[in-house]
Amino acid sequence: MKIDPICGMKVDEATALHAERDGQTFYFCSEHCREKFLSQSAPAKTDSGCCGGKSEQADHGRHEHEHSAEEHSCCDSKPSTGTHTHAPHDHSHHGHEHAAVTPSAAAKYFCPMCPGVESDKPGDCPKCGMALERNPAWKPTAKTIYTCPMHPEIEQDHPGDCPKCGMALEPKTVAAESDVEEDNSELRTMTRRFWIGTALTLPVFIVAMAHIVPAWSHAEWLNGEASRWGQFILSTPVVLWAGWPFFVRGGRSLVNRSLNMFTLIALGVGAAYVFSAVAMFFPQAFPPASGHSGKPAIYFEAAAVITVLVLLGQMLELRARQRTSGAIKALLGLAPKTARRVTPQGDEDVPLDAVHPGDRLRVRPGEKIPVDGEVVEGRTSVDESMLTGEPLPVEKAIGAKVSGGTVNTTGGIVMKAERVGSETMLAQIVNLVAQAQRSRAPIQALADKVAGWFVPTVLAIAALTFVAWFIFGPEPRLAFAITNAVAVLIIACPCALGLATPMSVMVGIGRGAQIGVLIRNAEAIEKLAQLDTLAVDKTGTLTEGKPKLAQVLPVGGFDEKELLRLTASLEQGSEHPLAHAVVVAAGEQKLPLEAAKDFQSTTAGGVAGTVSGRRVLVGKPDFLRENGVTDIAALETLAAPRQAEGATAIFVAVDGRAAGVLTVADPIKATTSQALAELRELGVSVLMLTGDNPRTAESVARKLGIADFQAGVTPHDKHEKVKTLKAAGRIVGMAGDGINDAPALAAADVGIAMGTGTDIAMESAGVMLVKGDLRGIVRAIKLGRAMMGNIRQNLFFAFVYNALGVPVAAGLLYPFFGLLLSPIIAGAAMSLSSVSVISNALRLRHTRL
């Protein structure tokens with residue numbers, strides 16, 4: 001920035017007016033200052049700016065100087081073009097102090113003297129003629145970058161398919177705005193293609209498979225021309241319209257030399273359809289008696305069925321991937337949309353993206369903390385369960401740090417913003433979840449690995465078949481060569497392979513739902529089967545997650561029930577979770593509670609009031625001392641061993657005397673010990689990760705026999721611990737129920753969420769336990785192992801039929817037995833392979849878990 005020698009204003013040399021003198025360049029805020037400079041014999045220095053304001057050269061520390069409308073002003077110069085005014089401005093009173101004008105976050109350029117003058121391109125202020133300055137807070141609108149979950153190196157700025165594997169690309173970031181509709185066009189397109197394709201394929205499949213029924217094997221309607229033409233007419237839109245995206249992806253895989261399942265699907269479906277269509281129009285080109293009644297064999301049903309099966313898989317995959325962004329959107333939705341900024345003129349509500357580090361923000365009781373920062377005024381308690389998973393609010397006084405998205409529960413505070421935008425803890429959690437979700441490759445990767453060697457092998461066999469028949473085959477050699485080469489491609493097309501995984505997944509997921517284990521995505525199945533390490537949260541996973549009254553310990557002659565009645569009567573007026581636990585316990589014992597008089601609440605201290613004519617104090621030891629209670633040492637001695645076990649102590653005084661202690665704890669679930677024992681029998685080691693204090697964590701770990709645990713961990717710490725275990729070669733599961741667990745749940749090989757937890761935890765996990773019972777993890781692991789074993793068996797059946805069918809299709813038996821693959825054998829083989837796969841998958845319904 002340069003200084004105007006006339007008025008002393010800062011100007012941008014890139015856009016400001018300028019003039020040369022004595023080999024030096026001078027810059028000016030307006031044409032008036034430039035003309036005044038040129039009329040002088042030497043650069044002028046003045047204490048008064050062109051508008052009567054004090055120049056920065058004369059006085060850098062004074063407040064802006066106002067002037068009347070009658071005073072001369074260089075800002076009366078003619079406005080320049082290229083700007084637009086966002087707000088009216090009283091030109092008669094303004095100064096040149098740069099800090100006097102704060103532009104909106106959306107403004108790219110602004111006038112530092114005239115509030116409301118903003119522009120999206122450089123130019124001069126239309127009011128004062130000063131060159132507009134670049135807004136340092138402005139950020140260009142980020143483009144949405146799309147990437148492939150399996151090949152993260154593939155990135156582009158528009159939706160599309162991965163050139164390597166054919167998968168639909170997904171955005172790297174997710175917007176939180178509800179009015180921004182996610183692009184679901186591909187899902188809608190695939191769904192429409194699937195249902196229309198299914199309706200057209202069903203009659204084709206019935207007709208083509210009817211020959212299996214003995215009574216229909218020689219029926220005229222089955223083998224006549226009407227049947228063949230009907231299959232052709234119905235199959236054509238299925239293959240050429242519904243299946244068109246697969247031909248595009250298959251062609252792209254050939255161009256990019258990255259063979260995958262779409263290569264095989266495009267070749268198999270295309271070969272079956274083209275061969276059948278040629279057989280329909282040019283039957284004389286084929287050897288006689290190569291099909292039914294001397295007609296060439298047709299494979300329209302194979303082409304149509306394979307197309308519909310692949311469409312089903314794509315539709316399910318797109319739906320699953322659509323749900324993965326739900327967790328991120330839910331996390332983004334935790335942050336408030338606006339903040340209340342404290343200014344000298346009063347409080348103002350501003351959009352969250354207009355908050356800058358250093359701004360003072362007012363947060364009232366019940367409101368969410370807008371950004372990360374530090375308390376500078378007031379005291380309160382903040383619900384930080386989204387970060388720590390712990391249900392008890394944390395006290396915050398001046399100097400304490402607060403995080404965006406957490407909830408201010410009791411007192412009003414003023415905070416100073418420190419980390420905003422993408423730097424907040426909530427934004428970092430969102431980023432961790434997004435990265436972890438993208439890092440997990442779908443189960444399609446297994447099929448692509450198989451296709452990597454299966455596709456070239458089939459192509460090589462088809463080529464060798466064509467060459468062998470063309471050179472050594474009987475006449476017509478070319479017809480035999482084409483027929484058998486295409487037969488190889490048709491029989492190799494993965495009809496049973498397409499059913500192998502989906503059938504096991506569907507049956508297994510249904511079986512899991514019966515026992516309260518909901519599996520959200522297919523890749524979680526494989527990881528469940530291999531799981532050897534389980535990281536678990538404490539609160540809500542190992543424990544109930546809700547504070548409950550554990551003990552009532554009266555002193556000084558007080559009765560246990562009377563002490564609880566007096567305490568609960570007073571605590572009815574408190575919103576604290578500990579107070580709620582006391583009131584609930586009194587209700588369970590059906591104690592008669594009464595309204596407290598003169599109720600008073602002290603933030604981070606306790607509550608006081610009159611119950612049954614007696615003055616009751618409930619809270620911390622210091623709160624009781626501040627109110628004149630002296631015999632507190634005995635209560636602290638009584639509470640110490642319970643606090644060592646991880647319980648929270650509530651101290652009570654009545655009429656100025658110590659009355660007793662109530663302890664509140666988060667009890668361990670009754671089924672936790674049994675579940676941990678069964679996990680050890682399965683060879684799974686357990687690690688506890690909790691945001692709670694070390695004392696409580698150690699107590700829980702000791703009771704449950706957990707040797708490895710970490711306390712006081714943040715969401716980032718949990719995420720990093722999971723990554724460290726994975727880097728060491730472990731197959732890691734993460735079980736949790738809170739927002740703080742979401743990054744670790746997404747980063748783990750398989751995330752397991754308690755059904756009693758938050759929606760965000762459940763959206764981030766691959767497996768959900770409906771009842772929140774840890775024994776469900778044991779069932780989930782057993783189910784995962786059973787499902788993976790079933791999938792391997794199905795893949796074996798699928799490949800065995802292909803392995804046996806390909807040589808027969810190639811004509812291996814012809815030299816010895818004069819046999820070629822007929823449509824009856826081909827249809828029977830494909831049907832038998834599909835029936836075997838389906839029957840084997842159905843066995844999962846009776847698996848003992």
Checklist entry - Which residues, counting only those in the stretch 653-665, are open to solvent by less than 40 Å² (accessible area, probe 1.4 Å) and at negative phi? => result A653, V654, A658, A659, V661, L662, T663, V664, A665
Checklist entry - Does the stretch 573-583 contain at least one residue that is of a type in the set (D, E), modelled with pLDDT under 90 and in contact with a strand residue (DSSP E or B) (Cβ under 7 Å, 6 or more places away or on another chain)? => result no
Item to check | Residues that are assigned to a helix (DSSP H, G or I) and at pLDDT 90 or above, drawn from the stretch 209-244 | outcome: F232, I233, L234, S235, T236, P237, V238, V239, L240, W241, A242, W244
Checklist outcome for this item: Taking the stretch 145-172 and the residues there that are loosely packed, with under 14 Cβ neighbours inside 10 Å and under 18 Å from the mean Cα position of the chain (by Cα), the one that is modelled with the highest pLDDT would be I145
Next on the checklist: What's the total number of residues in the stretch 577-598 that are out of contact with any Ser or Thr (no Cβ under 8 Å at 6 or more places or on another chain), touching a residue at least 12 places away in the same chain (Cβ under 8 Å) and part of a loop (DSSP other than H, G, I, E, B)?
Outcome noted: 3
Item to check | Residue list for the stretch 553-576, restricted to those being surrounded by fewer than 19 Cβ atoms within 10 Å (Cβ to Cβ) and either of a type in the set (D, E, K, R) or assigned to a helix (DSSP H, G or I) (or both) | outcome: D559, E560, K561, E562, E575
Checklist entry - Based on what the data block shows, is G197 under 30 Å from W453 (Cβ atoms) and modelled with pLDDT of 80 or more? => result yes
Item to check | Enumeration of residues in the stretch 502-557 that are among the hydroxyl-bearing types (S, T, Y) and touching a helix residue (DSSP H, G or I) at 6+ places or on another chain (Cβ under 8 Å) | outcome: S504, T533, T543
Item to check | Positions within the stretch 722-735 being open to solvent by 50 Å² or more (accessible area, probe 1.4 Å) and touching a residue at least 24 places away in the same chain (Cβ under 8 Å), in sequence order | outcome: K723, R730
Next on the checklist: For the stretch 391-415, which positions are among the charged types (D, E, K, R) and under 12 Å from G378 (Cα atoms)?
Outcome noted: E395, K396
Item to check | In the stretch 353-363, residue most open to solvent (accessible area, probe 1.4 Å) [restricted to those that are modelled with pLDDT of 90 or more and not in a loop (DSSP other than H, G, I, E, B)] | outcome: R360
Next on the checklist: Filter the stretch 530-550 down to the residues that are part of a helix (DSSP H, G or I) and either surrounded by 20 or more Cβ atoms within 10 Å (Cβ to Cβ) or among the basic types (K, R) (or both) and list them by number.
Outcome noted: K538, T539, G540, T541, L542
Checklist entry - When you look at T637, is it among the hydroxyl-bearing types (S, T, Y) and under 41 Å from the mean Cα position of the chain (by Cα), yes or no? => result no
Checklist outcome for this item: The lone condition N260 fails out of (1) modelled with pLDDT of 75 or more; (2) in contact with a Gly (Cβ under 9 Å, 6 or more places away or on another chain); (3) farther than 20 Å from A487 by Cα is (1)
Next on the checklist: Tell me whether the stretch 801-811 contains one or more residues that are within 30 Å of the chain's Cα centre (by Cα) and either closer than 20 Å to L531 by Cβ or touching a residue at least 12 places away in the same chain (Cβ under 8 Å) (or both).
Outcome noted: no
Next on the checklist: Among (1) part of a loop (DSSP other than H, G, I, E, B); (2) at pLDDT below 75, there is one condition A798 misses while meeting the rest; what is its number?
Outcome noted: (1)
Checklist outcome for this item: When the stretch 364-384 is checked residue by residue, the ones that are in contact with a Pro (Cβ under 8 Å, 6 or more places away or on another chain) and either open to solvent by 40 Å² or more (accessible area, probe 1.4 Å) or farther than 27 Å from N693 by Cα (or both) are E367, K368, D383
Item to check | Test: residue in the stretch 472-488 that is surrounded by fewer than 18 Cβ atoms within 10 Å (Cβ to Cβ), over 30 Å from I731 (Cβ atoms) and modelled with pLDDT of 80 or more | outcome: yes
Checklist outcome for this item: Quick count over the stretch 599-628, residues being within 24 Å of K546 (Cα to Cα) and assigned to a loop (DSSP other than H, G, I, E, B), is 4
Checklist entry - What is the number of the single condition among (1) in contact with a Gly (Cβ under 7 Å, 6 or more places away or on another chain); (2) without any contact (Cβ under 8 Å) to a residue 60 or more places away in the chain that T539 does not meet? => result (2)
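The values are calculated or read from the model by the stated rules, or taken from the named source; none is laboratory data. Predicted model only: the values in this text are computed from it and were never measured. Glycine gets a Cβ as well: all are built from the backbone with ideal geometry, and neighbour counts include every protein chain shown. Note: areas computed on protein heavy atoms with side chains; ligands, DNA, RNA excluded. Shrake-Rupley method; radii C 1.70, N 1.55, O 1.52, S 1.80 Å.
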